[in-house]
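Student: Got a structure for you, written out below as structure tokens; questions coming shortly.
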Amino acid sequence: MCNVEVEVSEAPGEKTVGVDLGISNFAALAYEDGHAELYPLNCLKQDDYYFSKRIARCDDSDSEQATRLNQKKSARRTHYFHTLSKHIVQRCVDEGVGTIVVGNLSDIREDEENSESKDWGKHGNLDLHSWAFDRFTNLLEYKAEMDGITVDQVSERDTSKSCSCCGRERKANRVEHGLYVCDECGAVTNADVNGAENIRQKVSPSLATDGGDRSNGWLAQPSTFLFDKETGAFAPQEQITS
Ligand SMILES: [Zn+2]
């Protein structure tokens, strides 16, 4: 080994976390120990709705007022991405995570005929384009690096179709009301968390997928973090018991 000193922070730990980026939950996180977190997009959706309505009311889309509104909308989005990437890196520091595994969407985008391609267009008034995900990943990489955390990008291919509990991919496996239901092992997991866990396992394979068993329902109840406009930070949503 060489003794060259490099100026990098020491990694907070050895653990891994998988991150699945998407439309309904902007980010779903699956930690190695089985707990999971969701970051829904509702805040951005409300913002988009509000600004779209105001921009539509402008007489001319090139007017000074419309331009100002567009700039404000984009500044708020940038703020959201900065805050979220910072928050995720802090969560990784707290959880002893040394490697963040992020799904890379580019090969899915390039292969539009693939049945797996995400339908970016049909999500109401939210015009969140794929570049937003690239931009977010770059921010996450930059902030993670400062805390000694590595960001690995892996292909998202098949990560939404396979069961993260038993590793099986079957036609009968389905998504119902945002839940991934496995016909093979009976696991029911949040679909985005299932994707995040499959992404994580691309870097850090789980013994469970090699025939071991993992109790049914793990990862089924992720904690949800919402963006609080008052404080400008992400806070856990109160658990609603029904
Ligand atoms: Zn399964």
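Student: If the Cβ limit is 8 Å and pairs must be 6+ apart or interchain, which residue in region 145-174 that is assigned to a loop (DSSP other than H, G, I, E, B) pairs with which residue that is surrounded by fewer than 16 Cβ atoms within 10 Å (Cβ to Cβ) and of a type in the set (Gly, Ala, Ser)?
Tutor: Close Cβ pairs satisfying both conditions: Asp147/Ser9; Gly148/Ser9.
Student: Do you know which residues across region 137-162 are of a type outside the set (S, T, N, Q), under 17 Å from Ile199 (Cα atoms) and in contact with an Asp or Glu (Cβ under 8 Å, 6 or more places away or on another chain)?
Tutor: Of everything in region 137-162, those that are of a type outside the set (S, T, N, Q), under 17 Å from Ile199 (Cα atoms) and in contact with an Asp or Glu (Cβ under 8 Å, 6 or more places away or on another chain) turn out to be Val151, Glu156, Arg157, Asp158, Lys161.
Student: Take region 171-188 and flag every residue that is within 13 Å of the ligand (Cβ to nearest atom) and of a type in the set (Gly, Ala, Ser).
Tutor: If the condition is that a residue be within 13 Å of the ligand (Cβ to nearest atom) and of a type in the set (Gly, Ala, Ser), then Ala172, Gly186, Ala187 are the ones that fit.
Student: Considering only region 168-185, how many residues are over 18 Å from Ser206 (Cα atoms), out of contact with any strand residue (DSSP E or B) (no Cβ under 6 Å at 6 or more places or on another chain) and modelled with pLDDT of 90 or more?
Tutor: Looking only at that region, the number is 1.
Table: residues versus (1) within 16 Å of the ligand (Cβ to nearest atom); (2) under 18 Å from the mean Cα position of the chain (by Cα).
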position	(1), (2)
Leu139	no, yes
Asp152	no, yes
Ser162	yes, yes
Glu169	yes, no
Asn190	yes, yes
Pro205	yes, no
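Student: Are any residues in region 149-167 over 20 Å from Lys15 (Cβ atoms) and either modelled with pLDDT of 90 or more or surrounded by 15 or more Cβ atoms within 10 Å (Cβ to Cβ) (or both), and if so, which ones?
Tutor: Start the filter on region 149-167 by keeping residues that are over 20 Å from Lys15 (Cβ atoms), which leaves 155-158, 160-163, 166-167.
Selection gives Ser155, Glu156, Arg157, Ser160, Lys161, Ser162, Cys163, Cys166, Gly167.
The values are calculated or read from the model by the stated rules, or taken from the named source; none is laboratory data. Not measured: the values here are computed from a predicted model. Ideal geometry is used to build each Cβ from the backbone, glycine not excepted, and the neighbour counts take in all protein chains shown.
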